[in-house]
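Peer 1: Below is one structure. I have some questions about it.
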């Protein structure tokens, strides 16, 4: 990091990044609880958070297991959902300019939150600060919270009693908000993605509605009213 | 397939999916149109995630009062540009209190 250490912008980016990590921890707790409730052991649950380290996929996998779906269905919907990280990585690669071991580590940290924080910054330098600090913060809190949630499930009961099912969509919306403010095309694509998901939820296996929302990108290429 | 196979396959698969994005040649992103599409992809995916997490219960649409109320309160906080942590706490608290009532 070459930014001046006393740069207030850098400090505020670090603060926001750690704040994201802390907030994500709240639903790491929910994941730990949901995973153990689905029948995975505490060790299996923690390994998923440490090694898969991508919340949407993890929720999808244990969701399918809990819903009685086959293990193959759980894996495929998890990987379908995880494939968005490939696109995040393509977006992040030129920003991060990571090589060697650093790149292998950056790959592990390529998730919704670190990507959203990195691309929301004004300069590549701040993007790198946001990426690594969000990755670190989310990694620490997500894994701690997973362990606590897994261990505490029997004592705690249904985590939705504590409103965690409302926390997850609100947190995703908070991550989406800066993009919605960026322009009309962003808003159109977001609406399209949301509409596709609503329609497909009852029609397709879990995981597919999110992946299929990519089709909303077609809305970015055809601009209604331009013909006038 | 045991649960262990599932855990290991998910972990390995997820890492390889992430790494693949870094191994695609940078030239693929030089075209402004391609770059714009890659920029917009998370927008579509995050919007779908919001909807799925707010409305889905497995393969069903479920309009759960406390969950939706908590989400709406969280959404208002997002709109008012509240910090991330405030959004999360307000959403969770709203749903939890409604379930107590």
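The values are calculated or read from the model by the stated rules, or taken from the named source; none is laboratory data. Treat the numbers as computed from the prediction; the structure is a model and nothing was measured. All Cβ positions, even for glycine, are placed from backbone atoms using ideal geometry, and neighbour counts span all protein chains on display.
Peer 1: Taking segment A:192-204 on its own, how many of its residues are surrounded by fewer than 19 Cβ atoms within 10 Å (Cβ to Cβ), at the interface with chain B (Cβ under 7 Å from one of its Cβ atoms) and touching a helix residue (DSSP H, G or I) at 6+ places or on another chain (Cβ under 9 Å)?
Peer 2: Total satisfying the criteria: 1.
Peer 1: With the requirement that a residue be surrounded by fewer than 24 Cβ atoms within 10 Å (Cβ to Cβ) and facing another protein chain (nearest Cβ under 7 Å), what does segment A:150-174 give you?
Peer 2: Within segment A:150-174, A:161, A:162 qualify.
Peer 1: Going by the structure shown, is residue B:95 more than 24 Å from residue A:54 (Cα to Cα), free of Cβ contacts under 8 Å to residues at least 60 places away in the same chain and at the interface with another protein chain (Cβ under 7 Å from one of its Cβ atoms)?
Peer 2: Answer is yes for this residue.
Peer 1: Looking at the structure I just gave you, is residue B:71 at pLDDT below 90, facing chain A (nearest Cβ under 7 Å), within 17 Å of the chain's Cα centre (by Cα) and more than 19 Å from residue A:199 (Cα to Cα)?
Peer 2: The answer is no for residue B:71.
Peer 1: Pairs please, first residue from segment A:205-216 and more than 16 Å from residue A:87 (Cα to Cα) and not assigned by TED's automatic domain parsing to the domain that holds residue A:59, second anywhere and outside any helix (DSSP H, G or I) and modelled with pLDDT of 85 or more, Cβ atoms under 8 Å, 6+ apart in sequence or on different chains.
Peer 2: A:206/B:56; A:209/A:201; A:209/B:56
Peer 1: Right, next: Scan segment A:10-37 for residues that are modelled with pLDDT of 85 or more and over 22 Å from residue A:112 (Cα atoms) and jot them down.
Peer 2: Within segment A:10-37, just A:36 meets the criteria.
Peer 1: Now, a different point. Just to be sure, is residue A:146 touching a helix residue (DSSP H, G or I) at 6+ places or on another chain (Cβ under 9 Å), assigned by TED's automatic domain parsing to the domain that holds residue A:60, touching a residue at least 40 places away in the same chain (Cβ under 8 Å) and within 16 Å of residue A:36 (Cα to Cα)?
Peer 2: So residue A:146 fits the description; yes.
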